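Only one structure is covered here, and it is reproduced in the block below.
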Amino acid sequence: MGNSCFGLFTCIDQASVGVLERWGRFEKLAEPGFHLLNPCAGQWVAGVLSTRISSLDVRIETKTKDNVFVQLVCSIQYRVVRQNADDAFYELQNPKEQIQAYVFDVVRALVPRMTLDDLFEQKGEVAKAVLEELEKVMREYGYSIEHILMVDIIPDASVRKAMNEINAAQRLQLANVYKGEAEKVLQVKRAEAEAEAKYLGGVGVARQRQAITDGLRENILNFSGKVEGTSAKEVMDLIMITQYFDTIKDLGNNSKNTTVFIPHGPGHVRDIGDQIRNGQLEAASAQVNGE
């Protein structure tokens, strides 16, 4: 970006525009390329402007509606309008200071009407307002505002800490809600599993009793058919007593107790049989009534 002048000749670089004067007065704009000047007629290159996009970062400190001091960082992208390069060259001595002043003015007029949360949510609206104001003003000076980005919003350190604590508390509360729902589902599933287990246990006991009853009936029928003169009642008494003594044997083998006291006498064997038979009949009756 620049020009090289050799006597009567000058060269304007690409993406640049030259400002030519005659006797100190603006004459015309010089496009990129080779140009022939007449020094004798007072022609010379007063300056060269770049038409590339430039970037300016502006940091503004202001206060929101809820009395929170924040710093905003705006990135302004601007360029010289080629057709109006003479205005950009002659009208503004320092365009960066001019742009910065208008950014300050717009931001400090708009942000104090917004809360901090609104500022974060509507930072695009702030950038749009700055863009509209700058475009309107800088166009008169030969500059075009291409883009404005609200790069960062930096609240005071104590405010950031408080916001993080609020966010952490809200997330913790939400986590406790989810944890409670999970425990509730777990308890419901555990209760359903226990109910299902008890139901299946009852079905198993019922089937076990049914199998015992079927086995006893089959044994009684087989024994009565093979041994003549025996009644079903006698066979039932014999089976009950046999099961009774098998139970006593298992109790002695599996229990930690080595001594079991049971009543014994001439009539006790028949009493044991009656008690076992009555117990079986009562159990079977209760099962039928339950079904």
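Please state the shape class of the range 9-50: rounded when a/c is under 1.5, otherwise prolate if a/b exceeds b/c and oblate if not, all from the C-alpha gyration tensor. Don't jump to the answer; show the numbers that get you there.
Details: a/c = 2.85, a/b = 1.55, b/c = 1.85.
Oblate, since a/c reaches 1.5 and b/c is not below a/b.
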Checklist entry - Which value, in Å² and to the nearest 10, is the accessible area of MET163 when all protein chains are kept and the probe is 1.4 Å? => result 70
Checklist entry - How large is ³J(HN,Hα) for each residue in the range 125-141, as worked out from phi by the Karplus curve 6.51 cos²θ - 1.76 cosθ + 1.60 (θ = phi - 60°), to whole Hz, x for Gly and Pro? => result 5, 5, 4, 5, 5, 5, 4, 5, 5, 5, 4, 5, 7, 6, 4, 5, 9
Next on the checklist: Can you bin every Cα-Cα distance in the range 81-153 into 5 Å intervals starting at zero and give me the percent of pairs per bin, rounded to whole numbers?
Outcome noted: 3, 16, 25, 22, 14, 10, 6, 4, 1
Item to check | Additional length obtainable on full extension of the chain from PHE26 to GLU132, 0.36 nm per residue less Cα span | outcome: 35.1 nm
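Order the peptides 43-51, 94-102 from the highest to the lowest mean number of other Cβ atoms within 10 Å of their residues. Don't skip to the end; give the middle numbers.
On the way: 43-51: 17.1, 94-102: 15.4.
Ranking, from highest mean packing down: 43-51, 94-102.
Sorted by mean Cβ packing within 10 Å, highest first, what order do the peptides 115-127, 188-200 take? Working shown, then result.
Working: 115-127: 16.5, 188-200: 10.0.
Packing order, densest peptide first, comes out as 115-127, 188-200.
The values are calculated or read from the model by the stated rules, or taken from the named source; none is laboratory data. In this text the structure is predicted, and so the values were computed from the model without any measurement. In this analysis, Cβ positions are derived from the backbone assuming ideal geometry, glycine residues included, and neighbour counts consider all displayed protein chains. Only protein heavy atoms, including side chains, enter the accessible area calculation; ligands, DNA and RNA are left aside. Shrake-Rupley method; radii C 1.70, N 1.55, O 1.52, S 1.80 Å.
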